Each structure stands twice: as structure tokens, then as C-alpha cells.
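All remarks here apply to the structure that follows.
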Amino acid sequence: MNARLIVINLLAFWLFFYAFQTLAFLHDYKFLYLPTERLMRLNFPARVAADRNLVMQAGNFGLLAAYVISWFIAQKKEWYWLNGVISFVITFVLCYLGWFGWNYLHVVFLAPQKIFEPESWWGYLTSGLIMIALGALVLFSKRVSRYVDGYNSKNNPADNGKKKPKRTR
């Protein structure tokens, strides 16, 4: 078990989960953000409930997509697959219970929406794609891979245990 990999996967899974939820707001966008939103919720409760369910399921789909990507990377780097499963279960439970900090961090991750009109189509698209890009960066970064493997500048595998000679003038 690699605690570093579990933490890195938790971060990437979190980003993918909320990115897919953010992008899910684009489905039925015109209905959700009409000026008479309160009226629509009263007149069409089934449609509003279906849209909310879609947003939640999109987050689960994002979590599953992040897990599959993480699994392929773990296979390629010969990391133990159970680390990804542990991260997946922790992320799923914390997101389901609402204990994963979205209420505190959504201001930061939805900030790109402020460039556009409030709650605009472009705002949700931009925020969702930025979170996916950050999640992919966390999963595919070579620096993160070296961190997971436990390497640092003093413990470089390319050195093969040889000490470097000191530079003299």
C-alpha cells in the first residue's frame, strides 16, 4: 500500500468528480437557469428532480473515469492496483456524504465562471474543463510519479548509487 499514491488519487478523483458535476449543469441548461427558476421548480418538480439526479450521476461517472485512468497508469508504472480502489471508495463515500469540502472550495474552482455572465454556459464549460485538466495533470505528471515512487533529487534512480564528484576550481 502506497499512502502517497492514495493521496494523489484522492486529489485527482475529487477534481474529476466535481468537474463532471459542473459539466452536467450544461444538460437542460435553458430550463435550469430561466428567470423564473422558482416557478419552474414548483410547476415541474419531476424535471427538476431528474436534472439533480443527472448531476449527481455525472459526478459518479467522472469518478469512475478517473479510476479507470488511474488504473491504467498504475498498470503501466507497476503500482499496486488496490491503492486506486481504496482511493475510489474513500472518494465515493466522502462525496456521497458531502464531507469532501466542496462547500468550502467551490468558490475557488468555480472562479473562472466570473469571467463570463453569472451562471453562463461558457462559465460552466470553462470551470469543468479546467478541473478536468488539473485532474489529468495530477494523474499524468512525471513529477507526481517520482513523488509517488519516493524519489527526490538526492535519491535519483539514474545515478545507480554512484556519488557525484565534487566540483573543484
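The values are calculated or read from the model by the stated rules, or taken from the named source; none is laboratory data. Quick caveat: nothing in here was measured; it's all calculated off a predicted structure. Cβ coordinates were reconstructed from backbone atoms using ideal geometry, including for glycine residues, and neighbour counts include every protein chain displayed. Please note that ligands, DNA and RNA were not included when accessible areas were found on the heavy atoms of the full protein model with its side chains. Shrake-Rupley method; radii C 1.70, N 1.55, O 1.52, S 1.80 Å.
At a glance:
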read-out	value
Some residue of region 126-140 being among the hydrophobic types (A, V, I, L, M, F, W, C) and modelled with pLDDT under 90	no
Residue 30 being exposed (fewer than 13 other Cβ atoms within 10 Å of the Cβ) and at pLDDT 85 or above	no
Of the criteria (1) under 16 Å from the mean Cα position of the chain (by Cα); (2) open to solvent by 70 Å² or more (accessible area, probe 1.4 Å); (3) more than 11 Å from residue 13 (Cβ to Cβ); (4) of a type in the set (A, V, I, L, M), which one residue 97 fails	(1)
Verdict on residue 80 being open to solvent by 50 Å² or more (accessible area, probe 1.4 Å) and free of Cβ contacts under 8 Å to residues at least 12 places away in the same chain	no
Subset tally (residues that are over 30 Å from residue 151 (Cα atoms), under 11 Å from the mean Cα position of the chain (by Cα) and buried (at least 16 other Cβ atoms within 10 Å of the Cβ)) for region 110-141	1
Answer from 16, 92, 100 - the residue that is of a type in the set (Phe, Trp, Tyr), within 30 Å of residue 149 (Cβ to Cβ) and modelled with pLDDT under 85	100
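Matching residues to (1) in a helix (DSSP H, G or I); (2) at pLDDT below 85; (3) farther than 15 Å from residue 6 by Cα; (4) of a type in the set (Lys, Arg):
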position	(1), (2), (3), (4)
64	yes, no, yes, no
80	no, no, no, no
87	yes, no, no, no
108	yes, yes, yes, no
